[in-house]
Amino acid sequence: MKKFIHKQTIVLAFPSVLLLIFLACQGSHPPQGEKQLAEDAYVRWCTGDEDLSFFTTERDIFIFEETVTDITYDVEPGISTGDLLITIAQKFLHTPYVAHTLETEESEKLVINLREMDCTTFVEYMLAMTLIIQYGDSSFWDFAQTLACIRYRDGVINEYPSRLHYFSEWLQNNTDKGILTMVSNELGSAPFDSRVSFMSANSHLYRQLAEPAFVEKIKEAE
């Protein structure tokens, strides 16, 4: 039976403190038998992509599977989403902090690198893992689908500009999907006027922005 969209939310304050500090070499597709998106996998906050491809390594898949197995035995049934997220995050305490792990020499694809992370990718991996475990989806394919939903605008990978590069938009877009709730919207009285232009104004710092059309799309997002 097809699963329907659920409204599980995680609460984040903005500005928020990122939880902790954290290229793949191999293109990959889901293993045979896991590609059942339309029937019994994923579909909650984004529509999903039956043709999703990603960069990862066997080591990343092993880390994922080991973590899911450990969590299954470590946590009590009915654990809150927040407590589950923290429990998962603690298993990555000694993961090296490495920047620019999402940049590849090829066209934009989902990168899954659980060996090395920066602030944002750490939050994305922990959040995606928390959500699938919360709903009992333990496959790497479900993890990839959920991660793509979190990392890309409306969950659609459409070249480099479709990635949620600015954390302010990342928060808002994932709030719009129903994944997050920004409690600062309820606590504060002054609006946050998010005016950003760093990427378009410094396009020379980004290999992908050598393409003028990409710069224009980044400007639209800004």
Computed lengthening from THR104 to CYS119, 0.36 nm per intervening residue step minus Cα-Cα distance: 3.5 nm
Rounded accessible area per residue of the range 124-222, 1.4 Å, Å²: 46 Å²
Accessible area of the range 153-222 belonging to carbon and sulfur atoms, whole % at 1.4 Å probe: 51 percent
Ratio Rg/Rh [Cα only; Rh per Kirkwood] for the range 81-212: 0.97
Largest to smallest principal axis extent of the C-alpha atoms in the range 112-186, angstrom: 33, 29, 22
Label-point gap, in nm, between TYR73 and SER189 - each point 7 angstrom along Cα→Cβ: 5.4 nm
Full-extension gain in nm, ASP176 to GLU216, via 0.36 nm per residue minus C-alpha separation: 12.0 nm
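The values are calculated or read from the model by the stated rules, or taken from the named source; none is laboratory data. Here the structure is a predicted model, which means the values were calculated and not measured. Reconstructed Cβ throughout: ideal geometry from the backbone, glycine too, with neighbour counts over all protein chains shown. Each accessible area value is taken on the protein alone, full model and side chains, heavy atoms only, with ligands, DNA and RNA left out. Shrake-Rupley method; radii C 1.70, N 1.55, O 1.52, S 1.80 Å.
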